């Protein structure tokens with residue numbers, strides 16, 4: 001297993017780079033701009049009566065929004081995760097923590113992920129890299145990650161491109177599906193399969209569903225590009241050039257949502273990847289997602305000196321935009337929103 005200090009250093013690199021560099025995807029867009037929500041001039045609704053509540057992992061949520069997995073595993077990240085969790089608890093949202101490999105290796109880092117003390121009621125997700133199942137990690141490590149944070153589910157994230165361009169990347173993805181199936185079978189909580197910004201399409205989603213995964217976070221292309229993040233960590237100009245080549249790689253978020261919903265009508269779908277407004281959330285749900293996930297905007301707010309207050313303010317704006325978009329589309333609740341037929345430009 002890698003040295004925990006190296007893992008901690010990488011975690012801090014990632015946060016610093018996302019905050020300070022332009023790591024947006026280049027040459028690929030989420031696709032949300034291509035869709036128009038139908039305007040209803042006479043909605044026959046009261047804006048104050050719009051219902052955005054839902055349930056996820058057996059727990060109530062006030063809005064269909066997940067604060068997506070970002071960080072942990074470094075002592076400086078603990079403040080970020082606590083701010084995010086406090087905001088999630090205040091607003092009634094879900095949250096996922098960053099990859100817990102660092103704390104599984106070195107339990108002294110567990111506190112950087114442990115947010116239940118400030119978020120006792122939210123749907124909370126543990127997180128491990130699926131590829132680690134090929135690198136000495138097994139079901140017991142997954143169970144440890146769940147127990148560490150009292151999680152309601154485990155995210156197994158799939159990040160082949162990031163690992164391929166990461167200087168210390170783990171690139172053996174062979175035979176993972178059978179190991180994911182074993183985790184689904186043995187773990188006492190649901191397993192969520194999540195990409196990290198290059199998308200999950202219909203074929204992969206079907207294979208994951210057949211293996212026992214019932215919740216899929218498509219994490220499509222068009223938002224933060226992790227090959228771009230890793231570009232800033234390369235040791236040589238040539239390695240940096242290789243990483244930059246993939247800035248436009250992946251399946252756009254809207255297409256990923258549509259594909260997976262068409263293939264898996266019964267699955268729970270999280271639409272993430274470049275969610276930057278409440279209108280994006282509205283479109284994601286109308287296209288077939290059950291929840292939408294956002295990361296980068298909340299991360300920026302979490303390092304504000306006001307901490308959770310800034311995160312709450314930012315996400316409240318998203319939720320208000322969602323409510324107004326539903327109101328102006330004539331949708332009283334999320335069920336009505338999922339029944340909309342979005343119009344595509346052109």
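The values are calculated or read from the model by the stated rules, or taken from the named source; none is laboratory data. What you see is a predicted model; the values in this text were computed from it and never measured. Backbone-built Cβ (ideal geometry, glycine too); neighbour counts: all protein chains shown.
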**Study point:** Selected residue (criterion: modelled with the highest pLDDT) from residues of segment 289-319 that are assigned to a loop (DSSP other than H, G, I, E, B) and over 16 Å from the mean Cα position of the chain (by Cα)
**Key:** 307
Review point. Out of segment 231-246, which residues are closer than 18 Å to residue 10 by Cβ and in contact with a helix residue (DSSP H, G or I) (Cβ under 7 Å, 6 or more places away or on another chain)?
Key: 231, 232, 233, 234, 240, 243
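Condition check ((1) without any contact (Cβ under 8 Å) to a residue 40 or more places away in the chain; (2) out of contact with any strand residue (DSSP E or B) (no Cβ under 6 Å at 6 or more places or on another chain); (3) assigned to a loop (DSSP other than H, G, I, E, B)) across all residues:
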residue	(1), (2), (3)
192	no, no, no
208	yes, no, no
216	no, no, no
229	no, yes, no
238	yes, yes, no
247	no, yes, yes
256	no, yes, no
